[in-house]
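Colleague: Mind having a look at this structure? Questions to follow.
FYI, it's all coordinate maths here, none of it is from the lab. Just so we're clear, the structure is a prediction, and the values are computed from it rather than from any experiment. Note: ideal-geometry Cβ built from the backbone for every residue, glycine included; neighbour counts use all protein chains shown.
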């Protein structure tokens, strides 16, 4: 008896995997870079101005790729909503969270975004939560509980504002992701990214000017290098590679591939910033990544 013909699984495009790896490395290294920059510049100004510059570079890249920058009038409402959720809230809340948390721990909490997205898909998209998604949420909260352990009650309470802010930022990004599926912004990828980052960074920059009064003269050479890294790598190269990866890989593969981001963030923060990498941090990373894997595979 001959075996039935079973279609082979489609091969993953090597170029897509390379783009995904570049994206994960770029975003992962942003965590220690941003944490260092906060020692020289306040969070809203650091995030807002680098985002504005990154949006300009993405716009130039879009033009070079022959993508129109014109936004139809009917798309502006969706674009602004997506920008406020995916950019404004993320940059603001995560930037402030780093004032209370090490970069490695903020990266772990931020990795819970796919879990929130899986839960929000029920009321917004009608996708009922499964048992796996419920377990994913429990694992993610278990990871956060491991981070709350600290070195005692005082250490835990001192982390609480940062944990709340990081969770709020992750939740807002997840809400923006699910809302974008319900009300998609119909623009070319680079055009959409450049406009969303630009629009989303405007409130962040205004907040920095009003409340922080940043002084460029206080930035050291390392500080300027950090600003350049966030502008070119975080907002331009990584986003461009992300869209290139999405064009060549299944969405599920791309989503799981981004799990490298918190891993790289944790390891890089331990090496560059000498942040602790003990049993608590490792347990939190493992539990959070396990929860995210369950959420993305269910």
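Colleague: Arranged by the count of other C-beta atoms within 10 angstrom, fewest first, what order do 19, 229 take? Can you show the working numbers first?
Modeller: Numbers: 19 24, 229 19.
Lowest to highest Cβ neighbour count: 229, 19.
Colleague: Next up: May I have the extent of the alpha carbons of the chain along their three principal axes, as whole Å values ordered from largest to smallest?
Modeller: Here the Cα extents, ordered largest to smallest, are 77, 52, 36 Å.
Colleague: To the nearest 0.05, how large is the calculated FRET efficiency for residue 145 and residue 247 if R₀ is 41 Å and r is the Cβ-Cβ distance?
Modeller: It comes to 0.60.
Colleague: Please give the length that would be gained between residue 138 and residue 63 if that part of the chain were fully extended, namely 0.36 nm times their separation in residues minus their C-alpha to C-alpha distance (nm, one decimal).
Modeller: Residue separation times 0.36 nm, minus the Cα-Cα distance, leaves 22.5 nm.
Colleague: Between residue 164 and residue 209, take the C-beta separation as r, use R0 = 30 Å, and let me know the FRET efficiency to the nearest 0.05. Please list the in-between numbers first.
Modeller: Details: r = 25 Å, r/R0 = 0.85.
Approximately 0.75, to the nearest 0.05.
Colleague: Same structure, new question: If a paramagnetic tag sat 7 Å from the Cα of residue 222 along the Cα-Cβ line, which residues of the stretch 30-48 would have the backbone N under 13 Å from that point?
Modeller: Residues 32-41 qualify, since their backbone N sits under 13 Å from the label point.
Colleague: How high is the relative contact order of the chain, in percent, counting Cα pairs under 8 Å that sit 6 or more residues apart?
Modeller: Answer for the chain is 43 percent.
Colleague: How high is the FRET efficiency from residue 125 to residue 157, r the C-beta distance, R0 30 Å, rounded to 0.05?
Modeller: On the way: r = 37 Å, r/R0 = 1.23.
The calculated FRET efficiency here is 0.20.
Colleague: Which residue, 242, 224, 90, tops the fluctuation ranking in a GNM of the chain built on C-alpha contacts under 10 Å?
Modeller: Comparing 242, 224, 90 in the GNM, the peak value goes to 224.
Colleague: Next question. Which of the peptides 275-287, 182-194 is most tightly packed, and how do the rest follow, judged by the mean count of other Cβ atoms within 10 Å per residue? Display every interim value, and only then the final one.
Modeller: Details: 275-287: 17.2, 182-194: 18.9.
For the peptides 275-287, 182-194, the packing ranking is 182-194, 275-287.
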